[in-house]
Amino acid sequence: ELSQARRTSVRDAVYAFRSQSACQTLIAELLSQTNTPVASRTLLLDVMADSGFREFPATWQTPLLSNLESPDIHVASETLLAMASTDAGQFDVPLMKYAQDTTHALSLRVQAAGILSRNRSTLPEPIFVLLCSQCSQDAAFETRLEAARAIGNLELSSEQLDRVIDLVVQAGPLELPQLLVPLAGVWRDDAGQAGQRLVAVLEKSPGFSS
């Protein structure tokens with residue numbers, strides 16, 4: 001039970017030594033122990049997320065995958081943020097499985113899909129369907145924006161583009177620009193019919209006026 005000032009000092013110390021193998025081993029051991037408090041666990045995950053490593057040390061991989069399965073949504077989300085800080089595709093395989101696992105919270109599955117969309121131009125159809133389902137106004141705002149951003153990163157088939165056009169009609173001002181990114185070329189397809197349909201739904205979109 002540390003004060004905020006003491007916790008900040010500990011965090012700064014761990015961050016300063018993050019490149020040393022002894023510190024990396026200590027982080028892995030603490031994340032692997034079941035009795036490590038949530039606050040300490042998230043502190044270590046936060047250091048990982050800010051580590052600047054393009055690829056994490058091998059000793060961190062198993063503990064991260066273990067924490068990804070945590071029943072604590074905050075811990076799982078912090079784990080995903082740590083994974084997202086790398087850019088080597090190191091966790092693509094487990095993230096692909098995680099995003100399609102219906103036992104996990106929708107917000108976490110969308111977060112995993114968002115990470116995958118940064119390194120890949122396409123995603124499996126079930127994940128695309130998941131992202132579309134979370135662009136609804138019924139979804140939490142953060143999840144809705146994450147889903148729209150992930151869709152915006154992808155190269156979509158003609159059928160998928162049609163489904164994104166259908167999403168535009170209910171898109172708010174923040175997610176609408178993300179959904180329009182993959183639609184930039186619809187004017188060249190089907191003699192402009194898709195483009196005309198896009199104009200029609202834009203007029204109804206709550207985000208269009210802004």
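The values are calculated or read from the model by the stated rules, or taken from the named source; none is laboratory data. As the structure is a prediction and not an experimental result, all values here were calculated from the model. Virtual Cβ from ideal backbone geometry, glycine too; neighbours counted across all protein chains shown. Side chains are part of the model used for accessible areas, which takes the heavy atoms of the whole protein and leaves out ligands, DNA and RNA. Shrake-Rupley method; radii C 1.70, N 1.55, O 1.52, S 1.80 Å.
Accessible area per residue for the range 1-98, computed on protein heavy atoms with a 1.4 Å probe, is 54 Å². With loop membership from DSSP and a limit of 13 other Cβ atoms within 10 Å, the longest segment of the chain without trypsin sites (Lys or Arg not before Pro) is 55-203. Under the shape rule built on the C-alpha gyration tensor, where the axes satisfy a ≥ b ≥ c, the range 95-154 is oblate, since a/c reaches at least 1.5 while a/b does not exceed b/c.
Sparsely packed loop sites in the range 115-161 (the GluC sites (Glu not before Pro) outside DSSP H, G, I, E and B with at most 14 other Cβ atoms within 10 Å) comprise Glu155. The simple spin-label model puts a point 7 Å past each Cα toward its Cβ; for Leu26 and Ala13 those points are separated by 0.7 nm.
Annotation: per residue accessible area for the range 111-152 equals 40 Å², rounded to a whole number [probe 1.4 Å, protein chains only].
On the protein heavy atoms, probe 1.4 angstrom, tell me the percent of accessible surface of the chain carried by carbon and sulfur.
Accessible surface attributable to carbon and sulfur in the chain totals 53 percent.
Along the chain, the exposed loop sites are chymotrypsin sites (Phe, Trp or Tyr not before Pro) outside DSSP states H, G, I, E and B with at most 16 other Cβ atoms within 10 Å, and the longest stretch free of them is 18-207.
About its Cα centre, the chain has a charge dipole of approximately 340 debye under the convention of +1 per Lys or Arg Cβ and -1 per Asp or Glu Cβ, with nothing else charged. From the square roots a ≥ b ≥ c of the eigenvalues of the alpha-carbon gyration tensor of the range 1-43, which class results: rounded (a/c under 1.5), prolate (a/b over b/c), or oblate? Oblate shape, in that a/c is at least 1.5 and b/c is the bigger or equal ratio. Here the contact order of the chain, divided by its residue count and restricted to Cα pairs under 8 Å and six or more residues apart, works out to 12 percent. Counting 0.36 nm for each residue step from Val201 to Gln4 and taking away their Cα separation leaves a gain of 66.0 nm.
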